[in-house]
C-alpha cells in the first residue's frame, strides 16, 4: 500500500520505543507511524520527517514524566504498606532488620580491615621497583628463605651492576639504649640504617634538610613524636642526643611519624656505620653474618632471573667457599606474602563472605516464612489488576527505599555528612587493629591522615 | 476531591462525542480541529493513559493495520466513572459561568 520511503526514521522510532517504558508503547508507536504516513501522503515525506522529529522533542519528555509520576504514586502506596507491615510485626521486623544489618556491618568491617592489610607499604613512591635482598639458609635438611643478608652484599651490587640504582641496609631489629637530653633520660630503641634509607623510602621530613645527611656516623633523625618528647620546647635541629652517657648524636632532621601500615617502624634513626665503632671495626663489611636487611632500588624492566644469577656469582667471587645463596624478592609482596599475612587475610575474607551469606539466608528464611501473610495482600493486588511485574517491583522497592538516599542525592546534607564519618570510624577500628573507638583530636587527625593516605594515593 | 484538568476534560468530551473509532490519531485530529491548536502526540497520549489508569476510560485492542506498520490500534471508550467525572466538572463550570453574560465588566 505504501512505498518504503514513507517509513518514519528508523533510529528515532526505535529510540521512542526504547525510552517509553510503558507496556502500551507499541500502540503509541503505531499511532505515530499512522500520522506519519498520513502526513507523508498529503504534505510530503520531508515535512513528515520534520514533524516526527519535533514530536520526539515535544512529546517524549511529557510522556516520560507522566510515567515517572505515575510510578511514584504507586511507590508511595508501597511505602505506606511496608511501613504498616513493619509496625504491625515489630518483633519480626526487628529480628530481620538487625540480623541483616549486623551481617552487613560485620562484612564491611572485615573488608575494610582486608583493604587496610593490602595497603601496607603502598605509600612508597618506589614500591614497584623496590626489592628485598634475601638469602636461603640451610638448617640441616631444611632450606629456608631467610630474611637477612650479610652487610657487604648490597654495596657491592650497587657499585658493580648498573641495574641497581640505589640500596640501603638496615640492622635487623632495633636496639634499646638510654638517651639523655639535658637532665631528662629516656629508654628508647633506635634503628641503625644507611642514610640512603631516606631517599629510597618515603619517610618525609617536617624539619631539617635531607642534604644534611652525610656519612658522619654521629648524626640522627627522629620522628615527630620523639621530637616532642625530647625537645618539648624549641627546635630539635642541631641539638644533641646522648646515647648511654657515652656518645653524642647531632639531630639533623625530624621526620613525620611513620604510618601504621608500614612494615618498617622506627622512631630514631642512627647511621649504620656507627655500629663499626660500637661493636667492631669491620662489622658492616663482612660477607657473612645475616643480621642485616638490605633493600635495592632496581631499574624498571630488569631481568630478575639473570640478576639472581649475578648475585650468586658475585658472592662466590668474594667468598669462594660460601654456601650462601641470595635472591631478590619484590618489596610490595613483603607484607602479604613473605610475612604470611595473606593466608590470614584470605581466611578472614572467606569468613566475612560466610557471614554475609548467613545474614542473607536468615533474612530470606524469615521473609519466606512470613510470605503466607502477605499472600492476602498479593491476592488483593492481583484481583485489582496488578501485573506480576508490578508485584515484584513492589517487594524489591521496599529494599530499594534506602538506596537512592545514599548514592543518588549528592546534595542531601545529612547523608553527605554522616556517611563518610561513619566510614572513618570503621576505618579507625581497622587501622588500630582493635574495635575500640578512640576519641580525641590526635587519633582523629591521625586517622584522617591515614584515610587520605591510602584512599587518595 | 480532584477535578479533571482542562486538557483531560477536552479529551474525554471528544471521545464522548466520537462514540466509535476513538483512538489517538482520530482524537488528536478532532482536537486540532475543534480547538484550532496543534496538539502533540504526548499532549493526547498522557491524558489518555492517565484516565485509563484512573478508570475513566476503557481501552481495548483493535486489529493491526498495514498503514501502521502492522501494529494494533488501541481504542478508548468512556466508562460510567468517566461520565460522572464529566458531570462533576460540568456542574462546577456551570456554577462558575453563571450570569457571565449579564455581569458588567468594569475597567
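The values are calculated or read from the model by the stated rules, or taken from the named source; none is laboratory data. Just so it is clear, the structure is predicted and the values come from calculations on it, not from any experiment. Virtual Cβ from ideal backbone geometry, glycine too; neighbours counted across all protein chains shown.
Here are the numbers for the structure shown:
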{"item": "Breaking point among (1) closer than 29 Å to residue A:373 by Cα; (2) within 13 Å of another protein chain (Cβ to nearest Cβ); (3) free of Cβ contacts under 8 Å to residues at least 60 places away in the same chain, for residue A:86", "result": "(2)"}
{"item": "Cβ-Cβ under 9 Å pairs, at least 6 apart or on other chains, the stretch A:46-64 side within 10 Å of chain B (Cβ to nearest Cβ) and exposed (fewer than 13 other Cβ atoms within 10 Å of the Cβ), far side in a helix (DSSP H, G or I) and at pLDDT 85 or above", "result": "A:61/B:42"}
{"item": "Residues satisfying the stated conditions in the stretch A:23-45, i.e. within 48 Å of the chain's Cα centre (by Cα), more than 7 Å from every other protein chain (Cβ to nearest Cβ) and surrounded by 15 or more Cβ atoms within 10 Å (Cβ to Cβ)", "result": "A:25"}
{"item": "Residue list for the stretch A:146-176, filter: touching a residue at least 60 places away in the same chain (Cβ under 8 Å), outside any loop (DSSP other than H, G, I, E, B) and more than 34 Å from the chain's Cα centre (by Cα)", "result": "A:153, A:156, A:157, A:160"}
{"item": "Residue B:25 vs. criteria within 11 Å of chain A (Cβ to nearest Cβ) and either over 14 Å from the mean Cα position of the chain (by Cα) or surrounded by 15 or more Cβ atoms within 10 Å (Cβ to Cβ) (or both)", "result": "yes"}
